[in-house]
Amino acid sequence: MANKLNGEVFSLANGVTKEELEKVRSREKFFCPECGDEVIMKLGNKKIWHFSHTASGSCQYEYDRESEYHLSGKLKLYDWLKKQGIPAELEKFDQQMRQKPDIAFDWNGQKYAIEFQCSVIPADIFDKRTKTYYAHGVIPIWIAAENLIKRKSHMVVSVNQFLYLYLRKHHQAWNIPAFCPISGQLINLFGSIPISTRKTITKLEVKSLRNSSIEDLLNPKSKPFPFIKIWQTENQKLKSRYLMNPGAWQNRFLKELYRNRLSLLTLSPVLGLPVHSSPYIETPSLIWQTYLYLDVFRHHKAGDFIHYAKIKTAFADRINIGDIKLRILPAAGQGDAWVALAEYVFLLTRIGYLEKIDTRTVKMLKVIQFPSSINSQMEAEADFFAEYENKIVQSVFQ
């Protein structure tokens, strides 16, 4: 997209033939809508048609470096919206926001901005762009390139810090939208149940773009799915990786377990449970929940009252010294790690370890027990999940 000399916006994505474009190019001059410098219409046979700055030009948006994969992706998404009768605009620079979304459109009275991102950008820039959209009443839809998604096994995906930035929350359901312009497939990663810093359990839905509607992107329908067996298996792998790591003897968490005469392999199954807002915490639940036990729960016996403020302070102290790390999820909107903490405390009330007295106080009903051997731990874990699986699943899929 570029501006004509008279200021009129001209797009190459409007279905005009190459012959027609060549005629326009012969009589018109075009200018970058951001920097104002002259740009040249490129109508090659190998690359997607685009506008390019002159060799001496300089622009912060660097049109010339945009990959063909990215160009193809946003053009296909733009065409998909237009075929649904949605008045979309391609690469329209917004003077108020000082941002240029790949695609801007209105739907049911709400403004949206699609950003199809194929390469890693700094998290602070991602965060700033997202907040700017929200501040101007625009909902950003960050769509990841399919090649950014690394599947590890069935329902287990490696989600790095950058990909977590895409994580959305719609009607209390997590999802990451992705697209492959080569296959023309729209991918939704439904649910986000983090196991480790990167590994997360999720359900992938793959649909061809031509068989998808705008609702599949804006209002994806997510349903609960069975994950407990995978959760147990992956947590055992996580424990093994910690213990087999050559630097295990320097691991702060393992050292703290050792000082308190605890073993990673015989921890209570109550420690390390998934909750709905777990994505806000980068540290694995196995670790941050064990810290809560060490700092709070082990110091109380059945019948004791515990103020929620004490639990929250212990959690905050661990964050301050770096034992617990949090995530920034700009695309998810409202929410934070404190919600995850409250959900875990609530889950402990549902499975009979705590009782809610009021909004500020809980009562210890049952002391957290630790198995005496690895075999007894495996038996205790199997019994625990068999008894409480439904309540744990309900905690994840609110």
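Listed values, structure above:
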quantity: Selection within the range 200-232 - farther than 25 Å from E115 by Cβ and either touching a Leu at 6+ places or on another chain (Cβ under 8 Å) or open to solvent by 70 Å² or more (accessible area, probe 1.4 Å) (or both); calculated: K223, P224, P226, K229
quantity: Qualifying residue in the range 336-347 (condition: more than 22 Å from I228 (Cβ to Cβ), touching a strand residue (DSSP E or B) at 6+ places or on another chain (Cβ under 8 Å) and surrounded by 15 or more Cβ atoms within 10 Å (Cβ to Cβ)); calculated: yes
quantity: Helices (runs of 4 or more DSSP H) contained entirely in the range 228-310, each with at least 3 residues that are over 30 Å from L165 (Cβ atoms) and not aromatic (F, W, Y); calculated: 252-259
quantity: Long-range neighbours under 8 Å by Cβ, at least six apart or interchain, first residue free of Cβ contacts under 8 Å to residues at least 24 places away in the same chain and more than 22 Å from F384 (Cβ to Cβ) within the range 242-267, second assigned to a helix (DSSP H, G or I) and of a type in the set (D, E, K, R); calculated: W249/K255
quantity: Failed criterion for E115 (all others in (1) open to solvent by less than 30 Å² (accessible area, probe 1.4 Å); (2) among the acidic types (D, E); (3) under 30 Å from W231 (Cβ atoms) hold); calculated: (3)
quantity: Scan of the range 363-388 for residues that are over 14 Å from P269 (Cβ atoms) and open to solvent by less than 10 Å² (accessible area, probe 1.4 Å), ordered by number; calculated: M364
quantity: Residue check for K325: in contact with a Ser or Thr (Cβ under 6 Å, 6 or more places away or on another chain), farther than 16 Å from Y291 by Cβ and either open to solvent by 30 Å² or more (accessible area, probe 1.4 Å) or of a type in the set (S, T, Y) (or both); calculated: no
quantity: Residue check for I281: among the aliphatic types (A, V, I, L, M), open to solvent by less than 60 Å² (accessible area, probe 1.4 Å) and within 21 Å of Y258 (Cα to Cα); calculated: no
quantity: Neighbours by Cβ (under 7 Å, 6+ apart or cross-chain): first from the range 296-319, farther than 18 Å from D358 by Cα; second at pLDDT 95 or above and among the charged types (D, E, K, R); calculated: V296/K310; A314/D295
quantity: Breaking point among (1) under 26 Å from H70 (Cβ atoms); (2) touching a residue at least 60 places away in the same chain (Cβ under 8 Å), for L163; calculated: (2)
quantity: E146, sole failed condition from (1) exposed (fewer than 13 other Cβ atoms within 10 Å of the Cβ); (2) touching a Ser or Thr at 6+ places or on another chain (Cβ under 9 Å); (3) among the charged types (D, E, K, R); (4) over 23 Å from I230 (Cα atoms); calculated: (1)
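Results for (1) open to solvent by less than 40 Å² (accessible area, probe 1.4 Å); (2) among the small types (G, A, S); (3) at pLDDT 95 or above, shown as yes or no for each residue.
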residue	(1), (2), (3)
Q289	yes, no, yes
R298	no, no, yes
T313	no, no, yes
N320	no, no, yes
A332	yes, yes, no
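The values are calculated or read from the model by the stated rules, or taken from the named source; none is laboratory data. Everything quoted here is computed from the prediction, not taken from an experiment. Heads up, the Cβs are rebuilt from the backbone with ideal geometry, glycines too, and the neighbour counts pull from every protein chain shown. Calculation scope for accessible area: heavy atoms of the full protein, side chains included, ligands and nucleic acids excluded. Shrake-Rupley method; radii C 1.70, N 1.55, O 1.52, S 1.80 Å.
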